[in-house]
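Okay, structure first, notes after.
Each value in this text was obtained by applying a stated rule to the coordinates, not by laboratory testing. Please read these numbers as outputs of a predicted model, since none were measured by experiment. Quick reminder, even Gly has a Cβ in these numbers, built from the backbone with ideal geometry, and neighbours come from all protein chains shown.
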Amino acid sequence: MKLTWKGSVLACAAALCMASLAHASPFVNVTIEGYDQTLGQTSANYASSLSGVSSGDTIVYEVIEEISQTVVSNTNHTPSYMLVEPQTSGTDGINTTQFGLSDSSGLITSLTAGTLVNGWNGLTGYSGGTVSGTEVTGIKGAQAGGTYVGATAASQVLTGSFVAGSAASDTFGLLAGSDGGGGFKVDTTAGDGKPVNATAAVESGSDPYYGYTALNLSETQASPVPAPGTFAGFVALLAGMGLVGLIKRGRQLA
């Protein structure tokens, strides 16, 4: 199977100026990326779109999070919050996160739960999730108290892997209905280092704080094998026996 991960955990942040600011853009962008270990790729090859992946290839995935680097607003408060850029590294950033992951085709195998990295296992109750078929549920990452990351550069939250299936197209992304969200601090028009708690109710509404970009997979299908009993099938059979060349030479000698 050949897959194209077009990484889109739903990242809606548009590059807008203050005068033309649009609502319903996330404060936190969450992205799933991957690389094909079977093809000899490494972590240097993490990308949101992979091509040339075949069924049975081992795909290593990562989830990264970052505070939006563009000016966006959110309507969950009155007056609505508006990010003030740039954010301050160490003071602003993400402290907790939670979500689930799912494969749209249901054909991947050997899916592993996430391994939390870079301090995302810093508090009691953290979890890389539980695997159920082609889903990972209950992922919860937390930095130590007072630690905030991802303000000015993406932070890798976790890594995992699965074996590619045989779907012509596929998506590995946010598990529908999972309680996405978490806690973070940002510089906004309401004040610097403003703490925000993105609850499940907010994240399931029309203006969530977290935006998810999923990893999309597409396969380059192999040419179909001609059916037996057809002329194309007869030619394919001769080719497999190495007789097509003999027939051509026979015609030339006749």
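Here are the numbers for this structure:
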item: Amide H contacts under 5 Å for I108, placed H, 5+ residues apart; result: G165
item: Qualifying GluC sites (Glu not before Pro) in segment 63-160, DSSP loop, other Cβ atoms within 10 Å at most 12; result: none
item: Simple spin-label estimate for S43 and S132 in nanometres, 7 Å along Cα-Cβ; result: 3.1
item: Interchain or long-range residues, amide H under 5 Å from L123's placed H; result: A142
item: Sorted peptide list for 104-112, 150-158, criterion being average Cβ within 10 angstrom, highest first; result: 150-158, 104-112
